[in-house]
């Protein structure tokens, strides 16, 4: 099958490209040619999707069998794709579980749950989902929607609960305490990128998946306390977890804190039973510790773990939290 991937060099994209090539597909990536890491054997078309006429003309001219959009973020991107991929056999849109928001009617969240996004990213993705599904029901546009949760891998690195930050790994290595939000018991879903790729490849060309939406997560859940302790196990050093209430964290101007406030501070549990049922190739194999070890090795090799001694905000917050705990009302 001739498959085009819009993007192709991102966190989830690279394993998808690699797997499709291994399966014998002819893979083309359409991107700006600015990011390294594309697996050998993939063809590249350099272009900018925001030059709508050129992008749409190129996709129509190539007449691919299938397309996977990894970098569609706005309703305008969706409208452009409907024009670009007229006549295609299968189109896969990468959405997000952020479309559900954090106010749930039931857990785990299934694909038929109402969408209540709280971020602009989630609202835009939800609008894109709606555009594609309307095109499917109205005109037969052959779309499948995939909603990943936290899908980590060597390209992205190992995030943490309270911020988009990697210095926490160095803190553990040096025996420094690290902060969690509240008691660290918020539930979360993690998936290694190599386990995500078979879902995309398995959906591709499968007729019963057209017109469907799938959550892309593993079964079960993990607390953030368990996640951070799994990293300690991999690193080989135990450190203290310091819980700070979400309301306090919001006041402290922590760099890159929005990811916690909007997602990681809350219980986010999703069901992928529909995906397991329809795509038997989707069979996650990485344990949490194995995933962390694999990703940390890649981060170390690339020198991507910062020196925590150069980053002072966490020690200051910990000192303030300990001072609060030391206060006696007696």
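Worth a mention:
- Among the candidates 291, 256, the residue that is within 18 Å of the chain's Cα centre (by Cα), outside the structural domain of residue 37 (by TED's automatic domain parsing), within 30 Å of residue 110 (Cα to Cα) and not in a helix (DSSP H, G or I) is uniquely 256.
Residue by residue, here is whether (1) outside the structural domain of residue 10 (by TED's automatic domain parsing); (2) under 23 Å from residue 278 (Cα atoms); (3) modelled with pLDDT under 95; (4) touching a strand residue (DSSP E or B) at 6+ places or on another chain (Cβ under 9 Å) holds:
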| position | (1), (2), (3), (4) |
| --- | --- |
| 111 | no, yes, no, yes |
| 114 | no, yes, no, no |
| 127 | no, no, no, no |
| 131 | no, no, no, no |
| 138 | no, no, no, no |
| 145 | no, yes, no, yes |
| 148 | no, yes, no, yes |
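- Of the numbered criteria (1) within 27 Å of residue 249 (Cβ to Cβ); (2) surrounded by 22 or more Cβ atoms within 10 Å (Cβ to Cβ), the one residue 123 fails is (2).
- Residues satisfying the stated conditions in segment 17-69, i.e. surrounded by 22 or more Cβ atoms within 10 Å (Cβ to Cβ) and more than 19 Å from residue 84 (Cβ to Cβ): 17, 20
- Residue 275 vs. criteria farther than 14 Å from residue 168 by Cα, in contact with a helix residue (DSSP H, G or I) (Cβ under 7 Å, 6 or more places away or on another chain) and in the same structural domain as residue 182 (by TED's automatic domain parsing): no
- Search result, residues across segment 164-189 that are under 15 Å from residue 260 (Cα atoms), touching a strand residue (DSSP E or B) at 6+ places or on another chain (Cβ under 9 Å) and modelled with pLDDT of 95 or more: 168, 178, 179, 180, 181, 182, 183, 184, 185, 186, 187, 188
- Evaluation of residue 93 against (1) closer than 18 Å to residue 4 by Cβ; (2) part of a loop (DSSP other than H, G, I, E, B); (3) within 18 Å of the chain's Cα centre (by Cα) (one fails), failing number: (2)
- Count of residues meeting criterion [over 12 Å from residue 4 (Cα atoms) and crowded, with 18+ Cβ neighbours inside 10 Å] in segment 70-80: 4
- Within segment 12-36, restricting attention to residues that are in contact with a strand residue (DSSP E or B) (Cβ under 8 Å, 6 or more places away or on another chain) and assigned to a helix (DSSP H, G or I), the residue that is nearest to residue 284 (Cα to Cα) is 16.
- Within the set 205, 184, 211, the sole residue that is at positive phi, assigned by TED's automatic domain parsing to the domain that holds residue 93 and in contact with a helix residue (DSSP H, G or I) (Cβ under 7 Å, 6 or more places away or on another chain) turns out to be 211.
The values are calculated or read from the model by the stated rules, or taken from the named source; none is laboratory data. Note that this is a predicted model, so its numbers are computed, not measured. Cβ coordinates were reconstructed from backbone atoms using ideal geometry, including for glycine residues, and neighbour counts include every protein chain displayed.
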